[in-house]
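The values are calculated or read from the model by the stated rules, or taken from the named source; none is laboratory data. Since this is a predicted model, take the numbers as computed values, not measurements. Counting neighbours? That spans all protein chains shown, and the Cβs are built from the backbone with ideal geometry, glycine included. The protein model used for the area step is the full one, side chains on, heavy atoms only, and it has no ligands, DNA or RNA in it. Shrake-Rupley method; radii C 1.70, N 1.55, O 1.52, S 1.80 Å.
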Amino acid sequence: MHFQQAESAGPGADQKSPNAPKKFTEKSSSLPFGQNILLDSISGPTYLTAQTLVQQVAYTLSDKIFAYSAETFDLDVAVKDWLEKGEKNAFGYATGVSSLETRTGAGAIALGYIFSKDFDLKKRHIPQSIVASSSTLNYLRPSLDQLALLYSVANPLTAHIAAVDYTSAGLVTDYVSSLTLAEELGLGLVCSPSVFETQHMSLFATLLSSVLPTIHTYDGLSVGRETARLVDTLDQTRLHNSYEAVLKAVSEVDKKHSDNEGRVVRLLQAFNDELGEDYRLFDYYGHEEPETVLVVFGTIEASLTAQVATALARDGDKLGVVNVRVYRPFVEEAFLEVLPKSTRNVSVLGQVKDEAAVFDSAEFSRLYADVLVALQFSFDRNVEVTDLKYSREQVWTPSNILDVFQQIYGEKTQSEEVRSYVDILNTADVRQYTFWNLDESPSVNAPAVLGKLLSSDSAKNVFVRSGHDNLVRGGVVRTDIRNADYTVEAPYSVEQADVTFVGDETLLKEFDVLNSVKCDSSLIVKLSGAKDEDIEKRLSPALRKALVGKDVELFVLDPTLSESVIEDPALETYLSQLAFLKIAREDLLSSGLPKLAAINGSQETFDKLVGELETALREIDVPVGWASPEEEVQPLQLPSDINVNSFSAFDRIEPEPPSLLKSWAVAAKGLAFKEAFGTKIALRPDLGIKTFVSHVKEHRRLTPLTYDRNIFHIEFDLGDSGLKYAIGEALGIHAENDKSEVEEFIKFYGLNPDEVVEVPSREDPNVLVNRTVYQSLLQNVDIFGRPPKRFYEALAEFADDEAEKNALRALGGPEGAGEFKRRAEVDTVTYADILLEFPSAHPAFHDIVRIVNPMKRREYSIASSQHVTPTSVALLIVTVNWVDPKGRDRFGQATKYLNGLNVGSSVTVSVKPSVMKLPPKTTAPIIMAGLGTGLAPFRAFVQERAFQKQQGHDIGEVLLYMGSRHQREEYLYGEEWEAYQDAGIITLLGRAFSRDQPQKIYIQDRMRQTLGDIRSAYLQQEGSFYLCGPTWPVPDVTAVLQEAVEVQHAATHGKGGKKVDSRREIETLKEAQRYVLEVY
């Protein structure tokens, strides 16, 4: 086994401090364990990434590499390091590496180099390589098109393309670009089906480039960056010898007299003979006599479908999968040869650009067209071909691959167990670990260190993969480690972790961490300063319930109980590593310390921390009572995985935007001389969205004055503003701060309200807007909002008093987490409160604008139909108010603003689209469930149905279920509902007033009482269901709908029929937009 030299583990210890702990630095996620690797160490059993292997083949067999890599993609990080070290290629000199930008004209430099008059013709036979992502291909197209026309007099060219692109959804896997370019320009296209075949397929693609320009593509999102153990890796010498041997074996006669299809077949035969492999252009897996076969292209697609098909075939299901290894040239004879004769149905799992293409019946996947043509011209086959399209955003797991097979194979599977779960990974033999952490955590590199430690056992196979979500908590990283006795292919996130480590408790509020843990597993959570009696309060009821349900052992890691970490917070990463080993691999806690110290830290440091671990890490008793909390538990409605949108941590070093105080004269010049100063006038220039001015038409309280909840109806006159809104959309209220509070703040802070401040627009920092200090505090700066931690950190820099500076820094750091939480959730302090509390921290106003968050618009569901009230729009609002520990009345900023508006007051508003839409057909029934102000969109729905009926349309049934505490106080729009019921618009009105009787009655109870009506409207007449309001009733309401599905299935198929998976049926209804939630 080959490991990097000691210096590759990161910066060496300071020469002046020989005992200082060694630091472990991850350079790039595209490198094995994130660290550089020497070119000559790639040989035999080695830990590598697919990305590194691609670069090794390109560097070894190329004259020059043209790299088009986004800065964080690091597609060329290894070749640049090898060039810097003077490593030589197989031809005896250092391969040239040109790192270029992805833009119009990309590829022109490569083309110019190949056909330059100064080009050394002795190198004409040596391949040239491109290393890029699929997002570059469109820019390379003109150059590749010209190269294809002149290829007979050009160098062989291989483009190694990582199938990854960036969209608004984040990073996506993109094969569409390669498939399209290969087909339209006549290029070769080879795909690596796994990390274990990446080196061979890179070599084969380079060989194929001797016939035609070739693209080699592979998953660039996860598999390409996973560190894995490869047993028989070819070193530079073997790579070159194999390359030369295969070219020699392919005779000149073949080159002159065969078409490209014949040449690729002959080339693959010679390739297999040389390497002793049995690669095929198309690989088949599954039942020997399948009836249904799936055809796929792509790395993860090939790996997962092959494993799932094999597992299903073992249970007798007659299905299989064909993986397209070489898409171009598409050798039809080879495809038909590998497709079993028993096949009656072929489904093509083809990638298309986006969701719009998925639902566009006129658009087909590229792969489908080739398969269809091959089978249509096969006269001895009678096979039906269908196109199963999926978008680039699709993330494949064994579960949804199983769904695909169920979709194409129907109800023919042999057992109920197979239809609900398929086991492709023996979790008894594979140990799986998951780490969740913030990018800025001191222990963020602990998983890579632990992965490297585990890899030192030559009897084990370790797999390490990580991903970043930089849009949550300023940057979140998830790392998965699998440790097995044998080689496994698991190109998906860990779903059953034996040990889970959470490095920051806030992540438990962002992700459903327990969704990916195994029953009877262990959870380690870092909770600084946590006392045993506080644990229950710091964990949500839903999380506590899940801990009991999955029988999870809970451990708390408290770094503040380690004296060493208190003295040097950087040591926290070593403490975290030891905590993990204590729970996951206690045998390594002693025997593995020397190896761990060789990777990072020092033996002395680890010996000391092991002693402190007994105090810093403790097991917490998980009482059975947590499974049955007294209060109503809102289930975890959180994502179970991160959305990978970056390959590196979030870069927090940002240029500060300009922000200057000016006199009124400066602003006046801009207004007087617009052309010279580039001035534009807008209603609210600080808002980057279309806004309108409306006026309050009606403001009516719906609850009694004596009632503790102020719920009111407010209606705005649109006048000639031109505002248009659709059913179900939301109205954005651009609220203002309280004028008296703004004036009070200006007075105590010593500001001039008439001074002009120039600040960047919220949406575009390049656009500057001029506002007075008073306007900024009234409409822009959220000075009465709740400050985040970073405000305390920023404010500390302005404090003159040392005690105040230290207090602010503590509040912004981990040691002040408890106090910060109390301030935020109990005291509900504002930015203004903090500025008043710490008088020595007195930033200038342009600094306040920079460090205080801007005000955000608040969206409220529209409670009217514009067909019924064309010149007005209505909202249903509940005032958010509470009393803080000092006895002060506190209010939600937007609801206080709205409640204070009088008839005639002007308001700036905007419109936001929503998921709440009526069915396209007026005859489709609608079932609505609204709690409290969640009734707002349903008032619009009912108004629209009444309008449709008035226009002569037939309308479907309208079922309305409403819930609140008391009928007398909270029967919101009650008279309207009853009038609509009398008019025949509402066909069923289910009212649940939970506290009007001894036993509580909730909305789900009323639904269950009328289950027959729901079955008829929802399932038999294909209606749509909507729920709006708080999240807590979602599971109970969903359970009623699942019950309706089960009862309906039993009524249709009889009690002896197969059981229906009601949960899956509800998911299907969600996808069809017939189960719509808008909860908060």
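Taking all protein chains in place and a 1.4 Å probe, what share, in percent, of the accessible surface of the range 926-1079 do carbon and sulfur account for?
Working: 3000 of 6830 Å².
Its accessible area is 44 percent carbon and sulfur atoms.
Would you calculate the separation in nanometres between label points at E536 and D587, each defined as 7 Å from the Cα along the Cα-to-beta-carbon direction?
Modelled inter-label distance: 3.9 nm.
Rounded, prolate or oblate: which fits the range 222-296, taking a ≥ b ≥ c as square roots of the Cα gyration tensor eigenvalues, rounded meaning a/c under 1.5, else prolate when a/b beats b/c? All intermediate terms of the calculation are to be shown ahead of the outcome.
On the way: a/c = 2.42, a/b = 1.14, b/c = 2.12.
It is oblate, given that a/c is not under 1.5 and a/b is not larger than b/c.
How much of the accessible area of the range 43-233, probe 1.4 Å, is carbon plus sulfur, in whole percent? Numbers along the way, then the final one.
Values: 3110 of 5990 Å².
Reported share for carbon and sulfur atoms: 52 percent.
Where the only charges are on Cβ atoms (+1 Lys, Arg; -1 Asp, Glu), what is the dipole of the range 282-414 about its Cα centre, to the nearest 20 debye?
On the way: 12 positive and 21 negative charges, 34 e Å.
For this selection, approximately 160 debye.
Can you compute the charge dipole magnitude of the chain about its Cα centre, using +1 on each Lys and Arg Cβ and -1 on each Asp and Glu Cβ, nothing else charged? Give it in debye, rounded to the nearest 20. Could the numbers behind the result be given before it?
On the way: 110 positive and 154 negative charges, 357 e Å.
Once rounded to the nearest 20, the dipole reads 1720 debye.
Towards the positive end of the charge dipole of the chain, with charges on Cβ (+1 Lys, Arg; -1 Asp, Glu), say which of A448, Q1004, M201 has the farthest Cα.
Q1004
For Kirkwood radius over Cα pairs in Å, several values are listed as [x] 42.9; [y] 33.1; [z] 34.0; flag the one computed from this structure.
[y]
For the range 282-414, which whole-number percentage of the solvent-accessible area (1.4 Å probe, protein heavy atoms only) is attributable to carbon and sulfur atoms? Working shown, then result.
Values: 2680 of 5500 Å².
On the range 282-414, the fraction of accessible area on carbon and sulfur atoms equals 49 percent.
Name the residues whose placed amide hydrogens come within less than 5 Å of the amide hydrogen of V517, ignoring near sequence neighbours (fewer than 5 apart) on the same chain.
A497
For the chain, what does the helix formula give at 222 nm: sum of -39500 (n - 2.57) over DSSP H segments with n ≥ 4, over the residue count, nearest 500 deg cm²/dmol?
Numbers: 39 runs with 360 residues, N = 1080.
Result for the chain: -9500 deg cm²/dmol, rounded to the nearest 500.
Roughly how tilted is helix 137-149, in degrees to the nearest 10 and between 0 and 90, from the longest Cα axis of the chain?
That works out to roughly 30 degrees.
Does the range 926-1079 come out rounded, prolate or oblate by the C-alpha gyration tensor, with a ≥ b ≥ c the root eigenvalues, rounded set by a/c under 1.5 and, if not, prolate when a/b is larger than b/c and oblate if not? Please list the in-between numbers first.
Values: a/c = 1.86, a/b = 1.28, b/c = 1.45.
Oblate, because a/c is 1.5 or more while a/b does not exceed b/c.
Nearest 0.05, what FRET efficiency do A108 and A726 give at R0 = 41 Å with Cβ-Cβ as r? Show your work: numbers first, answer last.
Values: r = 47 Å, r/R0 = 1.16.
It comes out at approximately 0.30.
For helix 1034-1053, report the angle its Cα long axis makes with the longest principal axis of the Cα atoms of the chain; keep it between 0 and 90° and round to the nearest 10°.
70 degrees
What percent do you get for the relative contact order of the chain when only Cα pairs under 8 Å and 6+ apart count?
Working: 2071 pairs, mean separation 79.0, N = 1080.
Once normalised by length, the contact order is 7 percent.
With a point put 7 Å past each Cα toward its Cβ, work out how far Q1009 is from S458 in nm, to one decimal.
7.4 nm
Quick one: if the Förster radius is 35 Å, what FRET efficiency do K821 and D801 give, using the C-beta to C-beta distance and rounding to 0.05? Walk me through the numbers before you get to the answer.
On the way: r = 24 Å, r/R0 = 0.70.
Result of the calculation: an efficiency of 0.90.
Over the range 43-233, what is the mean sequence separation of C-alpha contacts under 8 Å (at least six apart), divided by residue count, expressed as relative contact order in percent?
Working: 363 pairs, mean separation 54.3, N = 191.
Reported relative contact order: 28 percent.
Can you work out the FRET efficiency for the pair E261 and R1063, with r the C-beta to C-beta distance and R0 = 56 Å, to the nearest 0.05? Present the calculation step by step, with values, prior to reporting the outcome.
Details: r = 47 Å, r/R0 = 0.85.
Approximately 0.75, to the nearest 0.05.
Evaluate the relative contact order of the range 926-1079 (contact order divided by residue number), counting alpha-carbon pairs under 8 angstrom at least 6 apart; express in whole percent.
On the way: 211 pairs, mean separation 39.6, N = 154.
Relative contact order of the range 926-1079: 26 percent.
Taking the solvent-accessible surface of protein heavy atoms with a 1.4 Å probe, what is the per residue accessible area of the chain in Å²?
About 44 Å² of surface per residue is accessible.
Find the centroid of the Cα atoms in the range 130-187 and in the range 356-410, then give the distance between the two in whole Å.
After rounding, the separation between the Cα centres reads 23 Å.
Students often get this wrong: which residues of the range 290-331 have the backbone nitrogen under 19 Å from the point 7 angstrom along Cα-to-C-beta of T167?
Answer for this model: 297-302.
Once the whole set of protein chains is in place, how much accessible area is left on I408, using a 1.4 Å probe, in Å² to the nearest 10?
The value for I408 is about 30 Å².
Using 25 Å as the Cα-Cα cut-off, could you pick out the over-long pairs in K27/K509; K509/K545; K921/K1059; K531/K856; K27/K88? Walk me through the numbers on the way to the answer.
Numbers: K27/K509 30 Å; K509/K545 15 Å; K921/K1059 31 Å; K531/K856 37 Å; K27/K88 23 Å.
Exceeds cut-off: K27/K509; K921/K1059; K531/K856.
To test your reading of the geometry: what angle, between 0 and 90 degrees and rounded to tens, separates the Cα axis of helix 366-376 from the longest principal axis of the chain?
Rounded to the nearest ten degrees, it is 60.
Taking a ≥ b ≥ c as the square roots of the Cα gyration tensor eigenvalues, with a/c under 1.5 meaning rounded and otherwise prolate when a/b beats b/c, else oblate, which class fits the range 801-889?
On the way: a/c = 3.25, a/b = 2.20, b/c = 1.47.
Prolate, because a/c is 1.5 or more and a/b exceeds b/c.
Hey, can you grab everything whose amide H is under 5 Å from the amide H of V164? Only 5+ residues off in sequence or another chain; H modelled, so Pro and N-termini drop out.
Hits under the 5 Å cutoff: S134, S135, D174, G220.
Taking 7 Å along the Cα-to-C-beta vector as the label spot, tell me the R344-Y707 distance in nanometres, rounded to one decimal.
Label-label distance for R344 and Y707, simple model: 6.3 nm.
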